[in-house]
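The values are calculated or read from the model by the stated rules, or taken from the named source; none is laboratory data. Note that the structure is predicted; figures quoted are calculated from it, not measured. Note that each Cβ is placed from the backbone with ideal geometry, even for glycine, and that neighbours are counted across all protein chains shown.
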Amino acid sequence: MGVKLAKIMIFDPGNLSEKTKIGGSLKHHLPKLGLLYVASSLERAGHDILFQDLGANYKSNKDFINLLKDQKPKYLCCSVVVTEWPNAKRILKLVKKHLPNLVIIVGGPQPTAIREKTLSECQEIDYVVLGEGEITIVDLLDALENNKDPHFVEGILYKQEDKYIFTEDRKFVHDLDSLSFPAWHFLDFQKYSMSVAGKFKRGNDGYIITSRGCPYTCIFCDKSVFKHRYRSRSAENIIEEIEMLVKKYGVKNIMFFDDLFTLDKQRVKKICDLIKTKKLDFAWTCQARLDSVDEDLLKNMASAGCMQIGYGVETGSERLQKFIRKNIDFNYAKKIIKLTKNLGIETKGFFMLGFPTETKEEMNTTIDLAIELDLDIAVFSLVTPYPGTDLYILIENQMIGKDWSKFSPLGSSNLVYVPETMTKKELLKIYKKAFIKFYLRPTYLLKKLLSVLKHPYYAERYFSVIKPLFKSIK
């Protein structure tokens with residue numbers, strides 16, 4: 001017997017309360033790709049899907065409840081990251097109070113990482129989808145709609161009487177081309193924007209994930225959903241989605257959201273060749289390990305419209321490079337960043353301050369390295385131990401409480417961990433110093449002034465980047 005059709009509301013809870021609004025030009029406000037993939041999988045299975053993003057179309061709690069009462073879905077599904085968890089719990093508790101028969105299904109990085117704590121902290125949730133959700137959610141709906149035992153659905157967690165029931169682990173989706181494209185048709189692209197730091201053209205923004213999993217083992221990365229096994233989409237499949245975004249939805253800026261876009265160099269070169277062959281007009285950005293690119297690859301990327309690469313440097317201390325299992329060679333880093341800039345690609349570097357055992361001297365070394373690398377943008381963040389990471393396991397008992405809403409690495413108000421080598425005041429002082437030393441250098445300001453004279457739109461980009469950065473350290 002096939003799955004019966006069901007009416008499903010998929011919503012993104014965001015981290016907003018009724019008194020807050022989206023703010024800060026550094027913040028990405030793009031929809032969750034995971035939710036859009038789930039929506040397209042359910043649509044392909046024949047279900048009636050409703051989609052609501054509370055960040056882009058914010059409604060009061062009362063309005064959201066009234067929307068649910070009006071639309072009468074049978075299931076409510078959402079995906080949650082760590083900082084959204086407090087707000088998601090509030091919303092779900094309210095929903096269950098007013099609509100007790102609505103079946104609530106939750107997935108995403110936070111529920112996958114904290115697992116049974118999801119149900120203990122929010123007993124209103126009926127089912128948790130662990131890991132990748134596209135196939136699991138369809139199987140779960142099949143079971144629920146046809147009165148089958150959900151115990152046979154792989155990759156879920158639920159509570160039965162007083163016991164937590166974990167079903168057999170769901171195997172990864174190995175053929176990513178087999179998945180439907182995200183359900184972009186639910187979105188009004190005018191309501192979304194990526195960080196201004198990644199915008200190079202005026203127009204709509206979008207983002208794409210072309211691979212899943214990362215084989216590296218950095219202690220601060222959350223691999224709870226995609227794990228370490230690398231899987232990738234074909235270049236042809238990726239270009240088909242890009243062509244749709246550019247031609248159908250007017251997207252002018254695309255971020256490749258992969259953990260490591262450049263792991264397979266030949267695949268990236270093929271993507272670049274197809275972009276040029278099809279003459280697709282858009283600017284794009286990505287993230288890469290410094291040791292995963294070379295001159296030939298960077299030339300291909302530059303010629304295909306790559307405007308910015310974000311490199312994870314993390315620390316200027318060789319000791320800490322080994323400790324966090326990043327192991328970046330600083331001499332090679334200098335060579336690659338210089339080459340990237342010479343090819344006309346903007347460089348963005350990521351740095352973290354406040355690792356366990358890190359000293360003030362090592363933090364100053366990190367700041368000095370960021371300056372020496374002469375990056376276009378440097379993002380300094382406070383070490384944040386996300387659930388599901390080795391770092392979290394290492395320092396869980398040393399954290400400053402567990403207010404999940406503060407688990408954001410940007411902003412001095414979001415401090416959740418202070419290494420034993422210093423006080424909170426000392427850490428925040430160095431954090432503030434990093435931004436001042438990097439962004440207020442006369443040579444840096446002069447270069448940005450010259451670039452603005454050549455490209456007036458860049459003035460809006462740079463001021464929008466720097467202003468919220470300095471607000472975050474007050």
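Computed quantities for the displayed model
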{"item": "Qualifying residue in segment 50-62 (condition: over 16 Å from the mean Cα position of the chain (by Cα), modelled with pLDDT of 95 or more and buried (at least 20 other Cβ atoms within 10 Å of the Cβ))", "result": "no"}
{"item": "Any hit, segment 427-434, residues being surrounded by 13 or more Cβ atoms within 10 Å (Cβ to Cβ) and in a loop (DSSP other than H, G, I, E, B)", "result": "no"}
{"item": "Residue list for segment 339-369, filter: over 30 Å from residue 304 (Cα atoms) and aromatic (Phe, Trp, Tyr)", "result": "355"}
{"item": "From the options 211, 224, residue that is in contact with an Asp or Glu (Cβ under 6 Å, 6 or more places away or on another chain) and either surrounded by 22 or more Cβ atoms within 10 Å (Cβ to Cβ) or farther than 25 Å from residue 342 by Cβ (or both)", "result": "211"}
{"item": "Residue 369 part of a loop (DSSP other than H, G, I, E, B) and either touching a strand residue (DSSP E or B) at 6+ places or on another chain (Cβ under 7 Å) or closer than 27 Å to residue 297 by Cα (or both)", "result": "no"}
{"item": "Residue 268, sole failed condition from (1) in a loop (DSSP other than H, G, I, E, B); (2) under 26 Å from residue 321 (Cβ atoms)", "result": "(1)"}
{"item": "Residue that is nearest to residue 400 (Cα to Cα), among those in segment 419-435 that are of a type outside the set (S, T, N, Q) and without any contact (Cβ under 8 Å) to a residue 40 or more places away in the chain", "result": "424"}
{"item": "Lone qualifier among 144, 140 - being surrounded by 18 or more Cβ atoms within 10 Å (Cβ to Cβ), assigned to a helix (DSSP H, G or I), in the same structural domain as residue 32 (by TED's automatic domain parsing) and more than 27 Å from the chain's Cα centre (by Cα)", "result": "144"}
{"item": "Test: residue in segment 436-444 that is surrounded by fewer than 17 Cβ atoms within 10 Å (Cβ to Cβ), part of a loop (DSSP other than H, G, I, E, B), touching a residue at least 40 places away in the same chain (Cβ under 8 Å) and in the same structural domain as residue 202 (by TED's automatic domain parsing)", "result": "yes"}
{"item": "Unmet requirement for residue 268, which otherwise passes all of (1) under 22 Å from residue 377 (Cα atoms); (2) in contact with a Leu (Cβ under 7 Å, 6 or more places away or on another chain); (3) crowded, with 17+ Cβ neighbours inside 10 Å", "result": "(1)"}
{"item": "Which numbered condition residue 384 fails, given (1) within 29 Å of residue 14 (Cα to Cα); (2) outside any loop (DSSP other than H, G, I, E, B); (3) touching a residue at least 40 places away in the same chain (Cβ under 8 Å)", "result": "(2)"}
{"item": "Among (1) crowded, with 16+ Cβ neighbours inside 10 Å; (2) within 26 Å of residue 284 (Cα to Cα), the one test that residue 342 misses", "result": "(1)"}
{"item": "Only listed residue being touching a residue at least 12 places away in the same chain (Cβ under 8 Å), touching a Phe, Trp or Tyr at 6+ places or on another chain (Cβ under 9 Å) and not aliphatic (A, V, I, L, M), chosen from 390, 368", "result": "390"}
{"item": "Which numbered condition residue 187 misses (of (1) outside the structural domain of residue 322 (by TED's automatic domain parsing); (2) within 25 Å of residue 128 (Cβ to Cβ); (3) more than 17 Å from the chain's Cα centre (by Cα))", "result": "(2)"}
{"item": "From 358, 362, 372, residue being out of contact with any Ser or Thr (no Cβ under 8 Å at 6 or more places or on another chain) and either at positive phi or of a type in the set (Asp, Glu) (or both)", "result": "372"}
{"item": "From the options 285, 217, residue that is out of contact with any Leu (no Cβ under 8 Å at 6 or more places or on another chain), surrounded by fewer than 18 Cβ atoms within 10 Å (Cβ to Cβ) and among the polar types (S, T, N, Q)", "result": "217"}
{"item": "Residue satisfying condition, being loosely packed, with under 14 Cβ neighbours inside 10 Å and either modelled with pLDDT of 95 or more or assigned to a strand (DSSP E or B) (or both), within set 171, 252, 248, 159", "result": "248"}
{"item": "Sole residue being aromatic (Phe, Trp, Tyr), farther than 26 Å from residue 87 by Cβ, assigned by TED's automatic domain parsing to the domain that holds residue 294 and within 21 Å of the chain's Cα centre (by Cα), chosen from 407, 351, 355", "result": "351"}
{"item": "Selection status of residue 179, modelled with pLDDT under 95 and more than 28 Å from residue 311 (Cβ to Cβ)", "result": "no"}
{"item": "Some residue of segment 416-423 being surrounded by fewer than 15 Cβ atoms within 10 Å (Cβ to Cβ) and assigned to a helix (DSSP H, G or I)", "result": "no"}
{"item": "Conditions (1) under 24 Å from residue 94 (Cβ atoms); (2) surrounded by 15 or more Cβ atoms within 10 Å (Cβ to Cβ): number failed by residue 154", "result": "(1)"}
